[in-house]
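*Asks:* Please see the structure below; I have some questions.
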Amino acid sequence: MFSRMRGWVAEAASSKILEPRAWIDANFPHARAARISLLDTAAAVTRSSEFTLPARQGGHQFHMYLAADASGTNTIILAPGQELIPGLLRSDKMIELSSSHLGQLNALATKHPIVKTQMPDTKPCLRVITPEVAANLAAAREAIDLVKALLPYGAGNQIKDIAATEGESVLHSSLAFRIGGRPEFRAFAAIRAQGGYCDAQAGLTYQLLSQNPALRDCRVDMVSGGDHVFVVIRGQTPEQDIVVDAWAPFASPTLTQDALPMHRAILRGAELDYTKPAGTVLPALNIGEALRQQAIDRSNYPSIRENFVAEKYRDPDSDIADQLATPVDQWDVPFSGNPNVRYEVRDESGRRLIAGPLRFDMQRIPFSPGPYQTQDA
């Protein structure tokens, strides 16, 4: 979400407002413990050899990952055969983002008395999709995983990210914030700062999808409406459009019918901020340079608070308190859509192309340590 804009506010909550520091102290231990548990319970996966999924534009190369979910059921995950950014994501472990698993780990427990939680319909369902849609969902999942790896502190206006980072997501997002600017500039700033509001998260998502050769034949839109910005991969029909919103802490790519009500409302009258036309691929973002500048910042400033003071000339704790003290630009949107959808891939004749349903609520974890893991994790 844009900085300083209004979020969804719980009714009659003014009498329940906690002092910001007290709220962080009360919520940080269990919020951080839940994120650590997500990594500790990551599913071990086995990867298949490459196979070709036929599509109208030609075959797509993929790996299938086999994993048992938290219930012990074997599931299938589809991932691109060629990684978009090699070396950032592990291929041996994935985090399960189903609502039941997150609930068991207490990852959804953090609440704020003046912020209304927005949840999608989480009823399990099966969607029949074409090979093209399956390929687009796999590309979207990879983009979200890369955003999570590059922006490990999340969003400074998402309640669950604020609690899990002891407020530091506010500082990272503030350092990344840019008024206007093309997606690649927002993306670069976000990588350097390791976090960002929805405009930064969408900018990086849009850039990663638009530079992906696998999406050459797809139109990719960065859309906005109200107080939110996100990305859509356009399908051959509107029913095949895919919402890609990495700003949610536990995001998964979803068809529009399974996205949040706010996504569908925005799409009915969306403004197109940027569009990658079908038949094009954008130049690649210089992620290496962004990471180099990030490393310089970390060398110059031992803590994010020192970095914030040097860049913003403001007291970091006051900024965190200001963010939490009012309902302006506070959100609790844990999911970008229904994580419990499963998919069956069929060709035009109705022939099933992959044995067993696919899922796209499994997130690959990064190689580099983030705020919830150690170097050896």
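Quick note: the coordinates plus some simple rules give every number you see, no bench work behind them. What you see is a predicted model; the values in this text were computed from it and never measured. Methodologically, a virtual Cβ is constructed for each residue, glycine included, from the backbone with ideal geometry; neighbour enumeration extends over all protein chains shown.
*Asks:* Please report Rg (one decimal) and Dmax (integer) in Å for the Cα set of the chain.
*Replies:* Rg, Dmax (Cα atoms, Å): 19.7, 63.
*Asks:* What do you get for the angle between helix 316-325 and the principal long axis of the chain? Use alpha-carbon atoms, 0 to 90 degrees, nearest ten.
*Replies:* Helix 316-325 sits roughly 70 degrees off the main axis of the chain.
*Asks:* I need the GluC sites (Glu not before Pro) found in the range 298-351, filtered to DSSP loop residues with at most 16 other beta carbons within 10 Å of theirs. Please report the intermediate quantities before stating the final value.
*Replies:* On the way: sites: Glu306, Glu311, Glu344, Glu348; in loops: Glu348.
In loop regions of the range 298-351 (DSSP not H, G, I, E or B), the sparsely surrounded GluC sites (Glu not before Pro) are Glu348.
*Asks:* When the helix-only estimate is applied to the chain (DSSP H runs of n ≥ 4, each -39,500 (n - 2.57), divided by the residue count), what is the mean residue ellipticity at 222 nm, nearest 500 deg cm²/dmol? Could the numbers behind the result be given before it?
*Replies:* Values: 11 runs with 127 residues, N = 377.
Rounded to the nearest 500, it is -10500 deg cm²/dmol.
*Asks:* May I pose another question? Evaluate the charge dipole of the chain about its Cα centre and quote only its size in Debye, nearest 20, assuming +1 on the Cβ of each Lys and Arg and -1 on the Cβ of each Asp and Glu.
*Replies:* On the way: 38 positive and 42 negative charges, 93 e Å.
Dipole of the chain, to the nearest 20 debye: 440 debye.
*Asks:* Take every Cα pair under 8 Å in the chain that's 6+ residues apart, average their separations, divide by the length, and report that relative contact order as a whole percent. If you can, show how the numbers build up before the last one.
*Replies:* Details: 812 pairs, mean separation 96.7, N = 377.
Taking the mean separation of contacting Cα pairs over the length of the chain, I get 26 percent.
*Asks:* Something else now. Using only the alpha-carbon atoms, how far is helix 198-210 inclined from the longest principal axis of the chain? Give it as 0 to 90 degrees, nearest 10.
*Replies:* On a 0 to 90 degree scale, this one is about 30.
*Asks:* Same structure, new question: Between Phe367 and Lys123, with labels modelled 7 Å along Cα→Cβ, what's the label distance in nm to one decimal, could you check?
*Replies:* 4.4
*Asks:* What is the angle, in °, between the Cα long axis of helix 20-40 and the longest principal axis of the Cα atoms in the chain? Nearest 10 is fine, range 0 to 90.
*Replies:* Long axis of 20-40 versus the principal axis of the chain: about 30 degrees.
*Asks:* Run the numbers for Glu311 and Ala44: contour at 0.36 nm per residue of separation, minus the present Cα-Cα distance, in nm. Each step should come with its number before you reach the end.
*Replies:* Working: separation 267, 0.36 × 267 = 96.12 nm, distance 4.10 nm.
Gain in length upon complete extension: 92.0 nm.
*Asks:* Mind listing which trypsin sites (Lys or Arg not before Pro) in the range 290-377 are in a DSSP loop and have 15 or fewer other Cβ atoms within 10 Å?
*Replies:* For trypsin sites (Lys or Arg not before Pro) across the range 290-377 that sit outside H, G, I, E and B with at most 15 neighbouring Cβ atoms in 10 Å, the list reads Arg314, Arg351.
*Asks:* For the range 277-342, what size does the Cα cloud have along each of its three principal axes, sorted from largest down, in whole Å?
*Replies:* 46, 35, 23
*Asks:* Greater than 24 Å separation of Cα atoms is the criterion. Which listed pairs, Lys116/Lys312; Lys276/Lys312; Lys123/Lys160, meet it? Kindly include the intermediate steps, with their values, before the conclusion.
*Replies:* Details: Lys116/Lys312 30 Å; Lys276/Lys312 34 Å; Lys123/Lys160 22 Å.
Among Lys116/Lys312; Lys276/Lys312; Lys123/Lys160, the Cα-Cα distance tops 24 Å for Lys116/Lys312; Lys276/Lys312.
*Asks:* DSSP beta bridges in the chain, what fraction antiparallel, as a percent rounded to 5? Working shown, then result.
*Replies:* Numbers: 38 of 47 bridges.
Of the beta bridges lying entirely in the chain, close to 80 percent run antiparallel.
*Asks:* Can you give me the long-range amide H partners of Arg127? Hydrogens built in the peptide plane at 1.01 Å from N, cutoff under 5 Å, separation of 5 or more residues or another chain.
*Replies:* Amide H neighbours of Arg127: Arg342, Tyr343, Glu344.
*Asks:* Between Glu239 and Phe51, what is 0.36 nm times their sequence separation minus the Cα-Cα distance? Round to one decimal in nm.
*Replies:* Taking 0.36 nm per residue and subtracting the Cα distance, the gain is 65.0 nm.
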